[in-house]
1. Have a look at R58, R66 and point out the one that is of a type in the set (D, E, K, R), in a strand (DSSP E or B), within 30 Å of A222 (Cα to Cα) and in contact (Cβ under 8 Å) with a residue 40 or more places away in the chain.
2. Answer yes or no: is there a residue in region 107-124 that is on the phi > 0 side of the Ramachandran plot, outside any helix (DSSP H, G or I), of a type in the set (G, A, S) and open to solvent by less than 30 Å² (accessible area, probe 1.4 Å).
3. Does any residue of region 70-86 turn out to be within 30 Å of G208 (Cα to Cα) and open to solvent by 40 Å² or more (accessible area, probe 1.4 Å)?
4. Looking at F76, F69, which one is within 15 Å of the chain's Cα centre (by Cα) and aromatic (F, W, Y)?
5. Under the condition of being out of contact with any strand residue (DSSP E or B) (no Cβ under 8 Å at 6 or more places or on another chain) and either among the polar types (S, T, N, Q) or in a strand (DSSP E or B) (or both), which residue from region 125-157 is surrounded by the fewest Cβ atoms within 10 Å (Cβ to Cβ)?
6. All but one of (1) among the aliphatic types (A, V, I, L, M); (2) in contact with a Leu (Cβ under 9 Å, 6 or more places away or on another chain); (3) at pLDDT below 95 hold for A123; state the number of the condition that does not hold.
7. Pick from V200, V187, V162: which is within 21 Å of I65 (Cα to Cα), in a helix (DSSP H, G or I), in contact with a strand residue (DSSP E or B) (Cβ under 9 Å, 6 or more places away or on another chain) and touching a residue at least 40 places away in the same chain (Cβ under 8 Å)?
8. So which residues in region 1-36 are without any contact (Cβ under 8 Å) to a residue 12 or more places away in the chain and over 19 Å from I163 (Cα atoms), if there are any at all?
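The values are calculated or read from the model by the stated rules, or taken from the named source; none is laboratory data. Here the structure is a predicted model, which means the values were calculated and not measured. Here the Cβ is made from the backbone with ideal geometry for all residues, glycine too, and neighbour counts use every protein chain on show. Protein only, heavy atoms only, side chains kept; ligands, DNA and RNA dropped before computing areas. Shrake-Rupley method; radii C 1.70, N 1.55, O 1.52, S 1.80 Å.
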Amino acid sequence: MNSYFEEVQALLTIVGEQEKQSIKESVKHISKAVMLDGIIHLFGSGHSHILTEEVFYRAGGLAAIRPIFVEDLMLFKGASRSSQLERQNDLSEKFMHDEDIRPGDVCIVISSSGVNPVPIDVAIIAKEKGAFVIGLTSPEYAKSCSSRHKQKNYLHDVVDLVIDNHIAKGDTLLKSNNIPFGSGSTVVGAVLLNMVFTQVIQTIIESGETPPVFLSSNIEGADEHNQKIIAKYKTRIPQL
């Protein structure tokens, strides 16, 4: 009955132990960017897009977060269609050209397989724009598949830093009668991102500065607090 829970627990233990250094490095770069008024951009397509919304405009969350929303790559515009579009080389250039990514920013690109051209090219273009680029991906998964990128790159090849979510090929944690099932990438990805951003907040506090953190709109004084933060970031994060 608790097989899925146990598998997630085991995977989170592995991630927590083996990704300490990557998380530490991510926290260092993101904390620096936020304290210098930079922006943290996140991109994912398909189900990876869910993680960009998980940490955006979140009660208790960092405010300097800007998701890169591309509706055609989201599930509600057609699930199988989004998968096909993610495989298109050069598609990223069409929407990344006008993305307001600047030197000093950080960009986190999320793709467990790391084999499809769109997230790979998002990472490449973000780096060309001057951002420090972090890949939330699984090199193990990538190495079990052929890259669909025109230059045969994988996501972990083109980023500045990898946070390995340790997801196996197929993104399943369970198997019965030769049927693999039970995805783990969203659960593990959400934990990893929240680990990073909560440590960023703590780092900024320990530096003597006040981190830009949203409050729940259901508590007294939150609207005024949040509006001040939105006013600061609205130009660079128009989704606010």
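1. Working: R58 fails: in a strand (DSSP E or B).
Every option except R66 fails the conditions.
2. Step one: list which residues in region 107-124 are on the phi > 0 side of the Ramachandran plot, which gives 114.
With the extra rule that they be outside any helix (DSSP H, G or I), the set shrinks to 114.
Restricting the remaining residues to those that are of a type in the set (G, A, S) gives 114.
From what is left, the residues that are open to solvent by less than 30 Å² (accessible area, probe 1.4 Å) are 114.
Yes, some residue in region 107-124 is on the phi > 0 side of the Ramachandran plot, outside any helix (DSSP H, G or I), of a type in the set (G, A, S) and open to solvent by less than 30 Å² (accessible area, probe 1.4 Å).
3. Scanning region 70-86, I find no residue that is within 30 Å of G208 (Cα to Cα) and open to solvent by 40 Å² or more (accessible area, probe 1.4 Å), so the answer is no.
4. Numbers: F76 fails: within 15 Å of the chain's Cα centre (by Cα).
Result: F69 is the single residue among F76, F69 that is within 15 Å of the chain's Cα centre (by Cα) and aromatic (F, W, Y).
5. S146
6. (3)
7. Working: V187 fails: in contact with a strand residue (DSSP E or B) (Cβ under 9 Å, 6 or more places away or on another chain); V162 fails: in a helix (DSSP H, G or I).
On inspection, the qualifying residue turns out to be V200.
8. Result: M1, N2, F5, E6.
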